[in-house]
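Data first, discussion second: the structure below is written as structure tokens.
Every number in this text was worked out from the coordinates using simple rules, so none of it is lab data. This one's a predicted model, so the numbers in the text were calculated from it and none came from an experiment. Cβ sites come from the backbone with ideal geometry, for glycine too, and all protein chains shown count toward neighbours.
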Amino acid sequence: MTLNDIEKSLSIFENKNNTVQQIYDSRYCNFCGACIHSCPVDAIEYLDPQILVKDNCIHCGNCLELCSQNQEVRYSKQMIDVEKNDQIKDFHSKIADVPLGRFIEIWNGSSSSRKTRNRTMAGGITTSLLYTALSENVVDAVLIPEFTENKQNPRGKLIANPEELLQLGGSKYLPTLSLDRLDEIANNQDIDRIAITTLPCQAYVIKKMFLDTQYEKLVKKINLVLTLFCGSGIPYRDDVEFFLKAKGVTESLSELKVIRRRERRIWRINPQDIERYIFITKDGKEVSISSSRILRCKTKPNCSTICPDYTGYFSDVSIGASHISANIIIARTEKGRELVKLAIEKEFIKTKNFSKINNFLINFMGKNKRDLKRKLYREFFKNKQV
Ligand code: SF4
Ligand code: SF4
Ligand code: SF4
């Protein structure tokens, strides 16, 4: 990634004739699902999960202003302040050089339930925190990714029953449209408070919506935002097609049936390899690809080339893998810290102090996004001001 990539992506936002169509077509979209709420003439359509701006667009610019990939808004107005973290030095000398964004407390931990741990990539903390929020009546419902039959990608699903959450919880590795459901949540009389699992980009766009009165009604029920660390972005449909072609499938993705299976293989320890996508061709041939293969796609660039946020600065709790069977848990707000403490008290999760090994991993995994990209954005905006 270079300064040119940043300039190219930001130039899309500068042209007032553009829409989110250009963000999608340039492969920068992360399918956060927010822009659909920004359009005054309902011109934006999501098609599992392609974005299509229809001809009735009046080029008002609202969608580009809200888009979570609009780093101009991010850097010129808020980001540098959010990235500063003087508390780190006081908190723990070992992690003084890790720019994690503002936080209150940090732990290393895992779910107390083996079943939950087995369904997830690392320690199962996200599922356990959501379970705590539901079962202890902190929220009325949670919004999580779920695979629906015949769809290529997961969709956001609202769940009010903690036991149902345990059945559906677990890591998903494909783009999940979930913020497009905010209007449905706002109009649901049975729900007053929700917790939402997001990627850093979605947490950022939620924050933007909180700050803009036109979206007030849509976000007011969001009580907790839990963010997963995101290092390499999400794959596109063409990435999946790339792998299918390599396996001899000539049909297009829309012509294939897809099912998802977890296949435990003794020599696989990474749950991304255990989770398989089975594509079924018209003549009944089954082609199986692991989610880790789909993630290691070849047809970059995509959203991660311009995304500077690895840990989710705008969430209540950020969760990442620290090593196999354990998570890093970062409480950024008092609400977030209360949730983690409640989960500890109820013995839904087990925690340890954040250690040197976690520091090393977070540094290693997030280096590209945190250091390189942030420096480039700062350089870009500094040059622009001169
Ligand atoms: S009308 Fe405005 S918000 Fe809708 S697609 Fe066009 S530019 Fe975007
Ligand atoms: S990143 Fe989000 S807001 Fe931007 S175009 Fe994609 S779905 Fe819309
Ligand atoms: S890299 Fe991850 S956090 Fe960043 S835009 Fe892409 S999906 Fe979102």
Sorting H37, H59 on the 10 Å Cβ count, fewest up front, what's the list?
H59, H37
Only counting other Cβ atoms within 10 Å, I'd like I344, I328 sorted with the fewest neighbours first.
I344, I328
Rel. contact order, % - alpha carbon contacts under 8 angstrom, at least six apart, the stretch 3-67
38
Calculate the tail of P(r) for the stretch 3-67: the fraction of all Cα-Cα distances greater than 18 Å, expressed in %.
28
From the backbone phi of the stretch 45-57, what are the Karplus-calculated ³J(HN,Hα) couplings (6.51 cos²θ - 1.76 cosθ + 1.60, θ = phi - 60°) in whole Hz, Gly and Pro given as x?
10, 9, 10, 5, x, 8, 10, 10, 9, 7, 5, 7, 4
In Hz, Karplus ³J(HN,Hα) per residue of the stretch 229-243 (6.51, -1.76, 1.60; θ = phi - 60°; x = Gly, Pro):
4, 9, x, 10, x, 10, x, 9, 4, 5, 5, 5, 4, 4, 5
Charge dipole (debye, nearest 20) of the stretch 3-67; +1 at Cβ of Lys and Arg, -1 at Cβ of Asp and Glu:
60
